[in-house]
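We did not get these values from a lab; they are worked out from the coordinates using the rules stated. Bear in mind the structure is a predicted one, so any value in this text is a computation, not a measurement. FYI the Cβ positions are ideal-geometry reconstructions off the backbone, even for glycines, and counts take in every protein chain you see.
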Amino acid sequence: MSMRAADLAVAVIILAIGVVVGFDAIRLGYGWAMEGPRAGFFPFILALLIVGGSLFTIWQAIQRKGVARANKPLTPPEAIKPILTVLIPAVLMLLFTEIVGLYVAAIVYLTGYIKWVGDFRWGTALLIGVLVPVAFYIVFDKIFLIPMPQGMFGARLGF
Amino acid sequence: MEILSNLAMGLQVSLQPFNLLAAVAGIVLGVIVGVLPGLGGANGCAILIPVTFVMPPVSAVILLSCLYWGALYGGAICSILFNIPGEPWAVAVTFDGYPLAKKGRAGLALCLSFFAHSVGALFGVVILTFFAPVIAAFALRFGPPETFGVMMVTFSSFVGLVGRSPMKTVVATALGFTMAAVGIDIISGELRLTFGSTSLMGGFSFIVAVIGLFGIGEIFLTVEEGLKIEGFKANVRLADIADTFRAMVRYPRNVVQSALVGCWMGVMPGGATPASFMAYGFAKAGAGKEQEEFGQGHVAGVLSPEAAAHGAGTSALLPMITLGIPGSPTAAVILGGLMIWGLQPGPMLFRDHPDFVWGLIGSTWIGNILGLVVVVAFAPLFASVLRVPFPILMPLLIFICAMGAYAVNNRMIDVWYMLLFGVIGYFFKKLDYTMAPMLLALVLGNLAESSMRQALIMSEGSVWVFFRPPIALILMCLAILIGFWPLIRAVRDRMRRPLRAAPRA
């Protein structure tokens, strides 16, 4: 995706958000009620700014057709793989957290990442992957009493 | 004199053992987050906020503010040694700091940067100590129109002075305010922008936004650039300290001017990053014959941006504690912390919680001195954090960010929002949407909206309420002037161009 295409796409998404906000502001009422400006008053102004601003951005992006900097890719092709190797495991970890809780998910995630992405030995991967979440568990759950997500089965695992 | 006795009280508060411990912990953690690319002062503070719930507010604010000072100091370490800015405000120091290190004077470069930081901090903290009480006393008389005026100045200065694309800054700010409006309207009690979804009813937490935008987003950007860690080893020797003082005596104007630029940008919510670039620009422009040496390891090129960055960071606390308006993203997070600890930021703070305010000011003095000692003594140790291989560091960072995001409200949806904000942060950074005002808008949304609506209720709907009280009028005029500055400049340039072109034709 070129810089310009990304610029257009993001501006269109923001424009859509602005329109949605505008409709909700109109539903709430943007005028004057007995007690003062109604609940939709401020969001209505925001919606105008968002819609106006993103229309301007879209217009500007259209104008920039053929400009060299605008045709540069948003993400260099060689960088897409590294970014996905960050994003996809992170998403998997969060999905796993929903099931078994954050600490168990973190052990799997850290160990797996260090072993397979980092290509370290099992010993290193397990040492860091297990020790760090356990240390955080002791500090946060036991000392500071800050609970972390347990997931669907976490409570039964004793976390 | 009253100020001095208050300051003495503040120093006493900050020297209590537990608070001193909090300060040291804050500094050390701060330098570490400062060194690590992808983890900065703002999200370092954001992740620690849940931990502060168990502390008294003074210790909590000391921990967070010292983390900020540590991050300011630490940002320079990896800029100089590795040519990788650990923080956005440490970009300008790479211009001359890295070349200097390449010449074999890494110790000197570090030392120059650390002492420049402490000079900037000194200016900032003096301004904080002596002006904050005055401004707070003045601001006690502010009503809703004036409060709204201050907001307008804050946000228009982002539009006019900071972003590369003013219109995108407007959009980003409005998006921030919109996110703040999601949930229950505090005045009418109606549900807004929730569209029947219960998870939207709780609104968006700015802490989650910080962790996502500045933490996860930065990680994506770091990965994309391909982190190659090849740095210099550096010990700060006594000779380096002596050379640093020699350099400061030789370029006193650069140091003072930069510190003042920094303080100005900190108070005017520009923040440390633009301040460091501005100061570097000024120093280079004023260097005369030595201009050529800039970019090749000129000592003033290290001193200037660093003094400005720390001046801005420190003085960013001034509007935060006096007006309740943070001058930088990190100050915004600390302000959010204040609200969570049950303190109402703003001028009342000086009257109602003097021990808190003066404890913070006192710890700013202590913390910056501690910070200087810590970084000068242990710079190589902190730099070694960067030698941890990235495939180990990165998942640890994501794990810690996830913990921080969850702990704010104990909601799993926040962790997903964090990831979403990370992706948004990546795109916004690439496409020049400035994130700082978006974050500030998210923090200040309720205050801005309620001050606007209250002012309009006072005036029964007349917009003139924002322009009739003298202070509000001045603030609004200032806001309009600054906000439309890019437009004014564009028009001015366009009018000048034909004049210059005329003789040629």
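For region A:25-116, the set of trypsin sites (Lys or Arg not before Pro) satisfying both a DSSP loop assignment and a count of at most 16 other C-beta atoms within 10 Å is given as A:Arg64, A:Lys65. Averaging Cα coordinates gives a centre for region A:81-159 and one for region B:1-33; these two points are 35 Å apart. Translational diffusion of the protein assembly as shown, estimated by Stokes-Einstein from the Kirkwood radius over alpha carbon pairs at 4 °C in a medium of 1.567 mPa s, is 50 µm² per second. A simple packing score, the average count of other Cβ atoms within 10 Å per residue, orders the peptides B:4-14, B:435-445, B:402-412, B:480-490 as B:435-445, B:402-412, B:4-14, B:480-490, with the highest score first.
When both region B:40-107 and region B:247-273 are represented by their alpha-carbon centers, they are found 18 Å apart. Peptides B:378-387, B:151-160 ranked from most to least packed give B:151-160, B:378-387, packing being the mean of other C-beta atoms within 10 angstrom over each peptide's residues. Across peptide A:53-63, the average count of Cβ atoms from other chains found within 10 Å of a residue's Cβ is 3. Using the Cα gyration tensor of chain A, with a ≥ b ≥ c the square roots of its eigenvalues, what is the shape: rounded (a/c below 1.5), prolate (a/b larger than b/c) or oblate (neither)? Oblate, because a/c is 1.5 or more while a/b does not exceed b/c. Relative intensity of region B:2-486 on a log10 scale, I(q)/I(0) at q = 0.07, 0.08, 0.12 Å⁻¹, equals -0.34, -0.44, -1.03, per a Debye sum over C-alpha point scatterers of equal strength in the absence of solvent. Ranked by the mean number of other Cβ atoms within 10 Å of their residues, highest first, the peptides B:49-56, B:205-212 come out as B:205-212, B:49-56.
Inter-chain neighbour count for A:68-79: the average number of beta-carbon atoms from partner chains within 10 Å of each residue's beta-carbon is 2.
Counting, for every residue in A:106-112, the Cβ atoms of other protein chains within 10 Å of its Cβ and taking the mean gives 3.
Along chain B, the longest continuous region that contains none of the GluC sites (Glu not before Pro) in a DSSP loop with at most 16 other C-beta atoms within 10 Å is B:231-459.
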